[in-house]
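Step one of this worksheet: look at the structure below.
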Amino acid sequence: MRNTARWAATLALTATAVCGPLTGSALAAPDAAPRSLYAPSALVLTLAHGDNATVTTPVRAVTLSCAPTPSGTHPDASSACVELRGVGGNFDALRSRDGVLCTKQYDPVIVTVEGVWQGQRVSYERTFANECVKGSYSVSLFAF
């Protein structure tokens, strides 16, 4: 009888140790599952007038998120995300469109982008000679 009691106690402790984590709140923990299948993408784009972004004050700023669906305060988030995906998130790969004629007036416009694109940190700054030149580099990404 002594061995039977010991055997029953061992079996009960083993069952509790193995099955215990499978009961109660452990099954209902939603934080254990990933929240999204998409890498985070959240950008803040700013526009300022001047030669240097560190000494100018932005006159406009918008947010842009492209995953899982285009969103943010950007006026045309869908088209901006298409453009950005087309260059793989590489802002330096954006090229001037053919056929756009701009004056040679120097009135510098600075665009900065900070945030995360598909899980990678992004920090971009570019100075365009004027608004027309800035507009020639994308259809909608910098149009805000």
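One line per residue, one yes/no per condition, for (1) at pLDDT below 95; (2) under 15 Å from the mean Cα position of the chain (by Cα); (3) among the aliphatic types (A, V, I, L, M); (4) open to solvent by 30 Å² or more (accessible area, probe 1.4 Å):
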position: 38; (1), (2), (3), (4): yes, yes, no, yes
position: 64; (1), (2), (3), (4): no, yes, yes, no
position: 88; (1), (2), (3), (4): yes, yes, no, yes
position: 92; (1), (2), (3), (4): yes, no, no, yes
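May I ask you to list the residues in the range 125-144 that are open to solvent by 20 Å² or more (accessible area, probe 1.4 Å) and either touching a strand residue (DSSP E or B) at 6+ places or on another chain (Cβ under 7 Å) or in contact (Cβ under 8 Å) with a residue 40 or more places away in the chain (or both)? 125, 126, 127, 131, 137, 139, 143, 144 - these are the residues of the range 125-144 that are open to solvent by 20 Å² or more (accessible area, probe 1.4 Å) and either touching a strand residue (DSSP E or B) at 6+ places or on another chain (Cβ under 7 Å) or in contact (Cβ under 8 Å) with a residue 40 or more places away in the chain (or both).
Within the range 107-124, being surrounded by 20 or more Cβ atoms within 10 Å (Cβ to Cβ) and farther than 19 Å from residue 77 by Cα holds for 109, 110. Which of the residues spanning the range 66-86 are open to solvent by less than 10 Å² (accessible area, probe 1.4 Å) and either within 17 Å of residue 120 (Cβ to Cβ) or of a type in the set (Phe, Trp, Tyr) (or both)? Once the filter is applied, which keeps residues that are open to solvent by less than 10 Å² (accessible area, probe 1.4 Å) and either within 17 Å of residue 120 (Cβ to Cβ) or of a type in the set (Phe, Trp, Tyr) (or both), the range 66-86 yields 66, 81, 84.
Candidates 121, 85: the one that is in a strand (DSSP E or B) and under 19 Å from residue 41 (Cα atoms) is 121. Pairing each residue of the range 87-99 that is touching a residue at least 24 places away in the same chain (Cβ under 8 Å) and closer than 14 Å to residue 136 by Cα with any residue that is in a helix (DSSP H, G or I) and of a type outside the set (Val, Ile, Thr), provided the two are 6+ apart or on different chains, yields C-beta distances under 7 Å for 96/136; 97/136. Contact map, the range 59-76: first residue more than 18 Å from residue 47 (Cα to Cα), second residue open to solvent by less than 50 Å² (accessible area, probe 1.4 Å) and polar (S, T, N, Q), Cβ cut-off under 8 Å, separation 6 or more or different chains; pairs are 66/41; 67/41; 71/65.
The values are calculated or read from the model by the stated rules, or taken from the named source; none is laboratory data. None of the values given here were measured: they were computed from a predicted structure. Heads up, the Cβs are rebuilt from the backbone with ideal geometry, glycines too, and the neighbour counts pull from every protein chain shown. Areas reflect the complete protein model, heavy atoms only, side chains present, ligands, DNA and RNA absent. Shrake-Rupley method; radii C 1.70, N 1.55, O 1.52, S 1.80 Å.
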